[in-house]
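See structure below.
The values are calculated or read from the model by the stated rules, or taken from the named source; none is laboratory data. Small disclaimer: the values here were computed from a predicted structure and weren't measured. No Cβ is skipped: glycine too gets one built from the backbone with ideal geometry, and neighbour counts run over all protein chains shown.
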Amino acid sequence: MNDPAGRPVRVVIIDDDALVRTALAMILRDDAAIELAGEADDGESGLDLVARVAPDVVLMDIRMPRLDGLEALARLMARPTPPKVIVLTTFDADDYVLRALRGGASGFLLKHTPPAEIVEAVHKVAAGDHTLSPSVTAQLIAQLGDDEPDTEQVIRARSLARTLTAREREVAIAVGEGKVNPQIAEELYLSVATVKAHVSRIMVKLEASNRVQIANRIRDADLC
């Protein structure tokens, strides 16, 4: 599946583990609709590479020398047209992953994810979707309750939440409860495709890059 422009999805790999980079490169090269645009072994050189080749998607470790993935992510998201970023991790749901998703990552993959799922994740993210394991999403959303939002966060979240329609609010609240699209569809008597469309619009309105950020906004706005 090529991107909407009809060209292959351009991907950059940033990871300090040479074996991981090699394995990912082999997986990506097996898909004719993906173009491996380059590899880097730390955050600093990764940023330089991204600036040169302008990839659609970046697969990036979050624990690296020189410049870690979190700081590299922040710098990427600050660019006028940032790439979609999928963070790579060894653990299911740690603080680094939560911070990365809050920072704008479109999802995360465990490093032992099966090849077919890695390829699927790249295409989903390139198309504007997210890639998060439902079980891990629930864990991450549960962790949000441990943090108290500051006044500025609350004001911003409430302002953004006011742009949602009544139906979008229902869907957003369900996302904030950790529910996945089929569950939401069944509860609200909607098709899964309709729920997915609502979630996409909610992300735009709440300035969220993934479901965890939606949940964060909803909790800050005191909607759930």
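Okay, residues lined up against (1) touching a Leu at 6+ places or on another chain (Cβ under 7 Å); (2) at pLDDT 85 or above:
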residue: LEU70; (1), (2): no, yes
residue: THR81; (1), (2): no, yes
residue: ASP95; (1), (2): no, no
residue: GLY103; (1), (2): yes, no
residue: LYS111; (1), (2): yes, no
residue: PRO114; (1), (2): no, yes
**Report entry** Breaking point among (1) touching a helix residue (DSSP H, G or I) at 6+ places or on another chain (Cβ under 6 Å); (2) modelled with pLDDT under 85; (3) closer than 16 Å to ALA126 by Cβ, for ARG66
**Finding:** (3)
**Report entry** Test: VAL85 is out of contact with any Lys or Arg (no Cβ under 8 Å at 6 or more places or on another chain), at pLDDT 90 or above and under 24 Å from GLY178 (Cβ atoms)
**Finding:** yes
Report summary line: Okay, strands (runs of 3 or more DSSP E) sitting entirely in the range 25-100 with 3 or more residues that are buried (at least 19 other Cβ atoms within 10 Å of the Cβ) and touching a Ser or Thr at 6+ places or on another chain (Cβ under 8 Å), I get 84-89
Query raised in the report: What are the residues in the range 180-224 that are of a type in the set (A, V, I, L, M), assigned to a helix (DSSP H, G or I) and surrounded by fewer than 19 Cβ atoms within 10 Å (Cβ to Cβ), if any?
Result: LEU188, VAL192, ALA193, ALA197, VAL204
Requested in this report: Select from the range 168-224 the residues that are at positive phi and among the hydroxyl-bearing types (Ser, Thr, Tyr) and list them in ascending order.
Outcome: TYR189
Query - Residues of the range 136-169 satisfying the condition of being at pLDDT 65 or above, of a type in the set (A, V, I, L, M, F, W, C) and more than 16 Å from VAL199 (Cα to Cα) - result: LEU140, VAL154, ILE155, ALA157
**Report entry** Near pairs, Cβ below 8 angstrom, 6+ apart or cross-chain, from the range 151-180 (touching a residue at least 24 places away in the same chain (Cβ under 8 Å)) to any residue that is of a type in the set (Asp, Glu)
**Finding:** GLN153/ASP220; VAL154/ASP220; VAL154/ASP222; ARG156/ASP220; ALA157/ASP220; ARG158/ASP220; ARG158/ASP222; LEU160/GLU207
**Report entry** Residue check for GLY128: at pLDDT below 90, under 30 Å from GLY6 (Cα atoms) and either out of contact with any Asp or Glu (no Cβ under 6 Å at 6 or more places or on another chain) or of a type outside the set (D, E, K, R) (or both)
**Finding:** yes
Report summary line: Only unsatisfied item for SER133, checking (1) buried (at least 17 other Cβ atoms within 10 Å of the Cβ); (2) at pLDDT 75 or above; (3) farther than 23 Å from GLU207 by Cβ, is (2)
